[in-house]
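J.: Structure in structure tokens, see below.
The values are calculated or read from the model by the stated rules, or taken from the named source; none is laboratory data. Predicted, not measured: the structure shown is a model, and the values here were computed from it. Note: ideal-geometry Cβ built from the backbone for every residue, glycine included; neighbour counts use all protein chains shown. What goes into the accessible areas is simple: the full protein's heavy atoms, side chains included, and nothing from ligands, DNA or RNA. Shrake-Rupley method; radii C 1.70, N 1.55, O 1.52, S 1.80 Å.
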Amino acid sequence: MTTITEPSRKVTVVRDVDVAVVGAGVSGLFAALGAAKQGAKTILIDRFGQPGGNMGPGGFILSSLGPGEGKTHHVIDYAGVCREFVLRLEEKLLPGLYVSELQRDKGTRGIFEYPSYSSTISYLAIKMCEELSVELMLSVYAGDPIMDDKTVKGVFVETKSGRLAIRSKVLIDATGDASLAERSGAPVQHKSATPEEGKKISNWCGWTREEFTHWNDGGIAVIIAGVDYERYENFLNQPTELTEADIRFREELQHFHPGSDFQDSLVPILRQAWQSGRYKIKQTIDDNFYMMIHRKLIPLEYGLMQMVVEAGGEFDLGNWQHVSKLESSLRKYAFETVEFYRERIPGFERARVMWTSAYLGARSSVGIVGEYYLTFDDFLKGARFDDVLFRSYVARRQGKGSPEGCDLPYRMLLPKQIDGMLVAGRGASFERRGHDSPPRPRFSMMMLGEAAGRAAALSIENKVTPRTLPVRKLQKVLLKEGFFLGETDRLKELDLV
Ligand SMILES: Cc1cc2nc3c(=O)[nH]c(=O)nc-3n(C[C@H](O)[C@H](O)[C@H](O)COP(=O)(O)OP(=O)(O)OC[C@H]3O[C@@H](n4cnc5c(N)ncnc54)[C@H](O)[C@@H]3O)c2cc1C
């Protein structure tokens, strides 16, 4: 490979902070708010102008997939600043709708209205950052961490004013892809679990495909305008007799994507379009990954509908070529799908693409192999760790995993070999295989973020590094904030009460 040597240069240090968080997404936002609540001077950096990550410009809302069977288990509710965020969202900003389990009992309505949710989430993110004096550095791309041997001392960023340096006492990598940890030299993995490893908690959402050695899935959200719901509904509800070829066709699609159990009336149209070469509801992007339209088009309001273009296979979000190919293919495909629907599906005669989410998200992606690597087995057996941050009941929701939940340990945020850095969110240290990764849902990612932020601030306050932080100090703070670390006996064992 041809290389070129970059000349060394002096870079202006524009900020000197306690905590710098890179990624204002599902985990990074709460890392920054948590650090600030804990008294740290904090800066929050994101490559987009809109904070919120996957639930902001990513267009996938906070969603009803909250902490779990929340009605009977207060212990799995949101805590700390995450809870404040969710309650403000539900009670003040989106009255009449719920986005978590918290409001379900109040008879409110949960809908998947991605674009208004995501914009509202970004608005509240900006507002809470302002209130807690978190400085936002938006439309800024973070590059290399600033290293002093094996210790991270800040981060270089690319801005419209050129390359700048942010000096920090602790850096939190919340990029979702462990990008900064990887550049710091910490061990990371790009590949997900194999089918054999994945089988342990396998197919808890039913989306991973065993014929792929490694598996990732993700997608973009799309809003379609100008749909006549009534005409579309009538079409969907009309009795349709399927031929054997139709049934086979649907089964084949379903094999690739469980979200593609298309309604009877759609199947012959999709099959004929496939066979004539006019339109394919599943398309290959590269040798080992593909995209597909999720069957469920969700009616919103005002003639708007939401569609999800999903990608699946062995793609890697730490590979710029994969990212670029996916971003362009999925967007092109969204337009081609609506064009086809306009031509063939009643109710779509005046339909058009109104919006596609700003970036592609994936559920597996790159992660550190940190001081503890949380496995599927841990979720199955309900592992307990002395450095528990909170207990996750996510696996139990799907009837998988221990009914008593699994502890998420502090060590899963600590990269190996490197100090001065914590990795929150999807980039943390856990076994993954697309949908199947139990810590993946937003609730866990938000709470992990907040725990990382508070840990960073406490390290500074106690004049230690994240690696040497006495974890009991962090646990006491989390406990006070309402995080569930275990029943009373367990807390006694840990000397926390
Ligand atoms: C398609 C899809 C649907 C999902 N649906 C659900 C669901 O229904 N319910 C659920 O609970 N969970 C769902 N998830 C999972 C959940 O959203 C993710 O696990 C969560 O977003 C992970 O949070 P994160 O903070 O790690 O990443 P993100 O939310 O993606 O945030 C990463 C942030 O980092 C920024 N960033 C990255 N690199 C840089 C850089 N170099 N410089 C500056 N900024 C950078 C990005 O712009 C982004 O804002 C879904 C995920 C996907 C992909």
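J.: Are any residues in region 256-300 in contact with a helix residue (DSSP H, G or I) (Cβ under 9 Å, 6 or more places away or on another chain) and assigned to a loop (DSSP other than H, G, I, E, B), and if so, which ones?
T.: Asp261, Phe262, Gln263, Arg278, Tyr279, Lys280, Ile281, His294, Arg295, Lys296, Leu297, Leu300
J.: Within region 315-340, take every residue that is farther than 17 Å from Ile220 by Cα and touching a residue at least 12 places away in the same chain (Cβ under 8 Å) and give me the one that is surrounded by the fewest Cβ atoms within 10 Å (Cβ to Cβ).
T.: Asn319
J.: Taking Leu380, is it touching a residue at least 60 places away in the same chain (Cβ under 8 Å), among the hydrophobic types (A, V, I, L, M, F, W, C), open to solvent by 10 Å² or more (accessible area, probe 1.4 Å) and in the same structural domain as Gly176 (by TED's automatic domain parsing)? Lay out the reasoning, then the answer.
T.: Working: touching a residue at least 60 places away in the same chain (Cβ under 8 Å): yes; among the hydrophobic types (A, V, I, L, M, F, W, C): yes; open to solvent by 10 Å² or more (accessible area, probe 1.4 Å): yes; in the same structural domain as Gly176 (by TED's automatic domain parsing): yes.
In short, yes.
J.: List every residue pair whose Cβ atoms sit under 9 Å apart, with the two residues 6 or more apart in sequence or on different chains, where the first one lies in region 157-168 and is on the phi > 0 side of the Ramachandran plot and the second, anywhere, is among the hydrophobic types (A, V, I, L, M, F, W, C).
T.: That search, which allows pairs on different chains as well, returns Gly162/Val11.
J.: Run Tyr229 past the list (1) open to solvent by less than 10 Å² (accessible area, probe 1.4 Å); (2) of a type in the set (Ser, Thr, Tyr); (3) touching a strand residue (DSSP E or B) at 6+ places or on another chain (Cβ under 9 Å) and report the number of the one that doesn't hold.
T.: Single failed check for Tyr229: (1).
J.: Separate question: Looking only at region 439-474, which residues are polar (S, T, N, Q) and either open to solvent by 40 Å² or more (accessible area, probe 1.4 Å) or within 25 Å of Lys153 (Cα to Cα) (or both)? Steps first, answer last, please.
T.: Let us first name the residues in region 439-474 that are polar (S, T, N, Q), namely 444, 459, 462, 465, 468.
Answer for region 439-474, where residues must be polar (S, T, N, Q) and either open to solvent by 40 Å² or more (accessible area, probe 1.4 Å) or within 25 Å of Lys153 (Cα to Cα) (or both): Ser459, Asn462, Thr465, Thr468.
J.: When you scan region 71-83, how many residues do you find that are open to solvent by 10 Å² or more (accessible area, probe 1.4 Å) and modelled with pLDDT under 90?
T.: The first filter runs over region 71-83 and keeps only residues open to solvent by 10 Å² or more (accessible area, probe 1.4 Å), leaving 71-75, 77, 80, 83.
From what's left, modelled with pLDDT under 90: 71-75, 77, 83.
Qualifying residue count, region 71-83: 7.
J.: If you don't mind, there's one more thing I want to ask. Kindly list, by first and then second residue, each pair from a residue in region 18-31 that is within 11 Å of Gly176 (Cβ to Cβ) and assigned to a helix (DSSP H, G or I) to a residue that is among the hydroxyl-bearing types (Ser, Thr, Tyr) and within 6 Å of the ligand (Cβ to nearest atom), limited to pairs with Cβ atoms under 8 Å and residues at least 6 apart or on different chains.
T.: These pairs meet every condition: Gly28/Thr175.
J.: For residues that are open to solvent by 10 Å² or more (accessible area, probe 1.4 Å) and of a type in the set (A, V, I, L, M, F, W, C), scanning just region 298-314, find the one that is nearest to His214 (Cα to Cα).
T.: Only one residue fits best here, namely Val308.
J.: Could you grab me the full set of residues in region 475-489 that are assigned to a loop (DSSP other than H, G, I, E, B), surrounded by 13 or more Cβ atoms within 10 Å (Cβ to Cβ) and more than 25 Å from the chain's Cα centre (by Cα)?
T.: Quick first cut of region 475-489, residues assigned to a loop (DSSP other than H, G, I, E, B) only: 481-487.
Checking which are surrounded by 13 or more Cβ atoms within 10 Å (Cβ to Cβ) leaves us with 481-486.
Selection gives Gly486 alone.
J.: Suppose we filter region 406-461 for residues that are touching a residue at least 60 places away in the same chain (Cβ under 8 Å), more than 18 Å from Phe60 (Cβ to Cβ) and among the basic types (Lys, Arg); how many remain?
T.: 3
J.: Report yes if Glu230 is part of a helix (DSSP H, G or I), more than 16 Å from the ligand (Cβ to nearest atom) and at pLDDT 90 or above, otherwise no.
T.: On the way: part of a helix (DSSP H, G or I): yes; more than 16 Å from the ligand (Cβ to nearest atom): yes; at pLDDT 90 or above: yes.
The answer is yes for Glu230.
J.: Restricting attention to region 173-184, which residues are under 11 Å from Gly427 (Cα atoms) and either within 9 Å of the ligand (Cβ to nearest atom) or surrounded by 24 or more Cβ atoms within 10 Å (Cβ to Cβ) (or both)? Give the derivation first.
T.: Step one: of region 173-184, the residues under 11 Å from Gly427 (Cα atoms) are 173-182.
Asp173, Ala174, Thr175, Gly176, Asp177, Ala178, Ser179, Leu180, Ala181 - these are the residues of region 173-184 that are under 11 Å from Gly427 (Cα atoms) and either within 9 Å of the ligand (Cβ to nearest atom) or surrounded by 24 or more Cβ atoms within 10 Å (Cβ to Cβ) (or both).
J.: Run Ile4 past the list (1) within 15 Å of the ligand (Cβ to nearest atom); (2) out of contact with any helix residue (DSSP H, G or I) (no Cβ under 7 Å at 6 or more places or on another chain) and report the number of the one that doesn't hold.
T.: Ile4 satisfies all of (1) within 15 Å of the ligand (Cβ to nearest atom); (2) out of contact with any helix residue (DSSP H, G or I) (no Cβ under 7 Å at 6 or more places or on another chain) except (1).
J.: Scan region 21-58 residue by residue and report those that are more than 6 Å from the ligand (Cβ to nearest atom) and open to solvent by 10 Å² or more (accessible area, probe 1.4 Å).
T.: The answer is Ala36, Lys37, Gln38, Gly39, Ala40, Lys41, Gly49, Gln50.
J.: What are the residues in region 125-172 that are open to solvent by 40 Å² or more (accessible area, probe 1.4 Å), more than 12 Å from the ligand (Cβ to nearest atom), outside any strand (DSSP E or B) and not acidic (Asp, Glu), if any?
T.: If the condition is that a residue be open to solvent by 40 Å² or more (accessible area, probe 1.4 Å), more than 12 Å from the ligand (Cβ to nearest atom), outside any strand (DSSP E or B) and not acidic (Asp, Glu), then Ile126, Lys127, Leu132, Ser133, Lys150, Lys160, Ser161 are the ones that fit.
J.: Let me ask another. Please state which one of Leu253, Leu236, Leu242 is assigned by TED's automatic domain parsing to the domain that holds Arg350, touching a helix residue (DSSP H, G or I) at 6+ places or on another chain (Cβ under 7 Å) and not in a helix (DSSP H, G or I). So that I can check it myself, show each step before the final result.
T.: Values: Leu253 fails: not in a helix (DSSP H, G or I); Leu236 fails: not in a helix (DSSP H, G or I).
Matching residue, one of Leu253, Leu236, Leu242: Leu242.
J.: Identify, from the list Arg278, Arg271, Arg295, Arg250, the residue that is more than 26 Å from Glu314 (Cβ to Cβ) and surrounded by 14 or more Cβ atoms within 10 Å (Cβ to Cβ). Full working, then the answer.
T.: Details: Arg278 fails: surrounded by 14 or more Cβ atoms within 10 Å (Cβ to Cβ); Arg295 fails: more than 26 Å from Glu314 (Cβ to Cβ); Arg250 fails: more than 26 Å from Glu314 (Cβ to Cβ).
Answer to the check: Arg271.
J.: State whether one or more residues within region 190-202 are open to solvent by 50 Å² or more (accessible area, probe 1.4 Å), within 14 Å of the ligand (Cβ to nearest atom) and either touching a Ser or Thr at 6+ places or on another chain (Cβ under 9 Å) or at pLDDT below 95 (or both).
T.: Step one: filter region 190-202 for residues open to solvent by 50 Å² or more (accessible area, probe 1.4 Å), giving 190-191, 196-197, 199-200.
Checking the rest, the ones that are also within 14 Å of the ligand (Cβ to nearest atom) come to none.
No, there is no match, as no residue in region 190-202 is open to solvent by 50 Å² or more (accessible area, probe 1.4 Å), within 14 Å of the ligand (Cβ to nearest atom) and either touching a Ser or Thr at 6+ places or on another chain (Cβ under 9 Å) or at pLDDT below 95 (or both).
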